[in-house]
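Below is one structure; the comments refer to it alone.
The values are calculated or read from the model by the stated rules, or taken from the named source; none is laboratory data. Computed from a prediction, not measured in an experiment: that's the story for all the values here. Heads up, the Cβs are rebuilt from the backbone with ideal geometry, glycines too, and the neighbour counts pull from every protein chain shown.
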Amino acid sequence: MPVRLQKFLADAGVASRRAGEKLIVEGRVTVNGQIVRVLGSKVDPDHDQIVVDGQKVKTRKKIYIALHKPADYICTRSDPEERRTVMELLPKEWANVFPVGRLDRDSEGLLFLTNDGDFCLRLTHPRYGVRKTYLAVVEGRMESAMLGRLTAGVRDRGELLKAESVRLIDSNNSHSQVELVMREGKNREIRRLFEVLELPVVRLVRMRIGPIRLGELPVGRWRALTESEIKSLLPPL
């Protein structure tokens, strides 16, 4: 399938799209032996030969991983404070993948990692509305009447925080379990929602992203997403 030349360079790991545009304008990229300087030119990665500064560019295999993130790991490729990162749970040869969205350090559950920037955008940008399901364990008794506040929304630090839907699974005087479906994923949104209700979150697990469930994937382990799962995650444009 034809793609824009700068996108191909970015996907292949040669340069960012902006840096790739600079390479093209400077005449450092050839397609089938011809210098291409026009931005937006399209290439067919399966048939065209693309060369940058005399080096043939190979298509980079795209990787799509589902990981059961443990608590006390952060969702970043490296950390200046030398805290544990999710990259430590993957094979070293996958150093070019990055987390799709984030789970905060104390949270657990389903996390995708990929080297496909478009896949990441389609799953994280609010306009696509990919739903994510969480299980929250909170201190204290959660009354059914409180559920409406979570879906109606609350204001916190100038932001409207809200769940798309909620379900009370269990409640007693010490702890309650609540399932929440979220769409936007603002920073620490679920924890902040419960803070307003004065119900501190003691455990937060992401159980599902779109149609993909965490299932029986053990804590700290990963698996490759299937082709059908990848397609199911990409909503129509």
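Cβ-Cβ distances below 7 Å connect no pair with a first residue in region 199-213 that is under 15 Å from residue 124 (Cα atoms), a second residue that is modelled with pLDDT under 95 and part of a strand (DSSP E or B), and a separation of six or more residues or different chains.
Scanning region 198-237 for residues that are touching a strand residue (DSSP E or B) at 6+ places or on another chain (Cβ under 7 Å) and of a type in the set (D, E, K, R) yields a count of 7. Among the numbered conditions (1) over 30 Å from residue 231 (Cα atoms); (2) part of a helix (DSSP H, G or I), tell me where residue 169 comes up short. (2) is the only condition that residue 169 fails.
Residues in region 147-166 that are in a strand (DSSP E or B), among the small types (Gly, Ala, Ser) and more than 22 Å from residue 101 (Cβ to Cβ): 0 in all.
For (1) buried (at least 19 other Cβ atoms within 10 Å of the Cβ); (2) part of a loop (DSSP other than H, G, I, E, B); (3) in the same structural domain as residue 225 (by TED's automatic domain parsing), each residue gets a yes or a no:
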position: 68; (1), (2), (3): yes, no, yes
position: 79; (1), (2), (3): no, yes, yes
position: 99; (1), (2), (3): yes, no, yes
position: 105; (1), (2), (3): no, yes, yes
position: 109; (1), (2), (3): yes, no, yes
position: 113; (1), (2), (3): yes, no, yes
position: 118; (1), (2), (3): no, no, yes
position: 137; (1), (2), (3): no, no, no
position: 145; (1), (2), (3): no, no, no
